[in-house]
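The values are calculated or read from the model by the stated rules, or taken from the named source; none is laboratory data. Just so it is clear, the model here is predicted, and its values are computed rather than measured. Every residue, glycine among them, receives a Cβ derived from its backbone with ideal geometry; neighbour counts consider all protein chains shown. Each accessible area value is taken on the protein alone, full model and side chains, heavy atoms only, with ligands, DNA and RNA left out. Shrake-Rupley method; radii C 1.70, N 1.55, O 1.52, S 1.80 Å.
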Amino acid sequence: MSLDPTAVPSLTLVRLGLVALAAVGGGFINAIAGGGTLLTFPALVALGVPPLMANATSTVALWPGLLTSFWGYRDALRGARAWTVRWAVPSMLGGGAGAVLLLLTPERKFADSVPWLIWGATLIFVLQGPVMRWVVGHATPVPDGAPLLPPPMGFLFLQFVFSIYGGYFGAGNGILMLAALGMMGLTNIHTMNGLKGWGGLNLNVVAVLIFAASGIVNWPVALTMAIGAAAGGAIGSHMAQRVGQRWVRRAIIGIGLSSGTWMLIERLRA
């Protein structure tokens, strides 16, 4: 895959300021509910970045936000030591596989699939509430503060599959991980968010390295957004443990529906 990373309109301070603001929102959303890509990816496409390059650049830009978000949840992960390596391995393998799959996808084919990827991710958000209620009602709860047993092999494979999607596009992947954690009996949302952040951190670090080596990342945009994403992730990880998520989720769904519709109209015009 070879794309020209400079194939963007002139990067004025106003444009860079707008993408940095979008990244703050993306990092914040990832820390609270997941789905920051639904904000940053459309922002980059609106800037004029080709969709495949925008996806890779967004992944690179949001990674520092995942790091600060995970750090904000570190106290909620006491007793989860048995998960660290076991959860990281399928995450990294799947993230790498998804990133390679993206690079093998023709640019036009990926651009044509973007509206459907966004709508699919938005549907995951819409279904999150009912799915999580069902999961909590059918899982055997793990008492808060109790050491977590190592995750079963079946769920490690499920994490591998989710991570392939995460490396390829990623929006909504955090919701899938939360559902899987709920099926394993976890009910503390802060512990679940911490483990979700750990999984996302590992799957995306491999994707970031692959995208960086491929030459399809627009670095001025990525570095500007990374600063915003780190700030948003730090703020979101603290606020998530103090405030409700309802208003954030409604905003994400609205952004997903409208951006998917806009991108479909743009593809039909092309």
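Given a 1.4 Å probe and every protein chain left where it sits, what share in percent of the accessible area of region 170-217 is carbon and sulfur?
Working: 810 of 1150 Å².
Carbon and sulfur: 71 percent of the exposed surface of region 170-217.
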TODO: Please report the orientation-averaged projected area of region 152-221, defined via the convex hull of its C-alpha atoms, in nm².
DONE: 5.3
Task: 5 Å binning of all Cα-Cα separations within region 60-125, expressed as whole percents from 0 upward - done: 3, 12, 11, 19, 22, 15, 9, 5, 2, 0
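Given a 1.4 Å probe, how much area per residue of region 161-231 is accessible, in Å²?
Working: 1950 Å² over 71 residues.
Value for region 161-231: 28 Å² per residue.
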Open item on the list: Spelling out what I want: for every residue of region 18-26, take phi, set θ = phi - 60°, compute 6.51 cos²θ - 1.76 cosθ + 1.60 (Karplus), and round to whole Hz; glycine and proline get x.
Closed with: 5, 6, 5, 5, 4, 5, 4, x, x
Open item on the list: If I stretch the segment between TRP71 and HIS190 completely, what's the gain in nm (0.36 nm per residue apart, minus their alpha carbon distance), one decimal?
Closed with: 41.6 nm
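Using the heavy atoms of the protein chains alone and a 1.4 angstrom probe, what is the accessible area of region 18-103 per residue in square angstrom? Please list the in-between numbers first.
Details: 2800 Å² over 86 residues.
Heavy-atom accessible area per residue stands at 33 Å².
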Task: Phi-based couplings in Hz for region 254-269 (Karplus 6.51, -1.76, 1.60; Gly and Pro marked x) - done: x, 5, x, 5, 6, 5, x, 5, 4, 5, 5, 4, 5, 5, 5, 6
- [ ] Mind checking the full-extension length gain between ALA46 and LEU268? Use 0.36 nm per residue of separation minus the Cα-Cα distance, one decimal, nm.
- [x] 78.3 nm
Task: Per-residue HN-Hα couplings for region 107-117 [Karplus 6.51, -1.76, 1.60; θ = phi - 60°; Hz; x = Gly/Pro] - done: 3, 5, 5, 5, 4, 5, 8, 4, x, 6, 4
Task: Cβ-derived FRET efficiency at R0 30 Å, ALA212 paired with ALA82, nearest 0.05 - done: 0.40
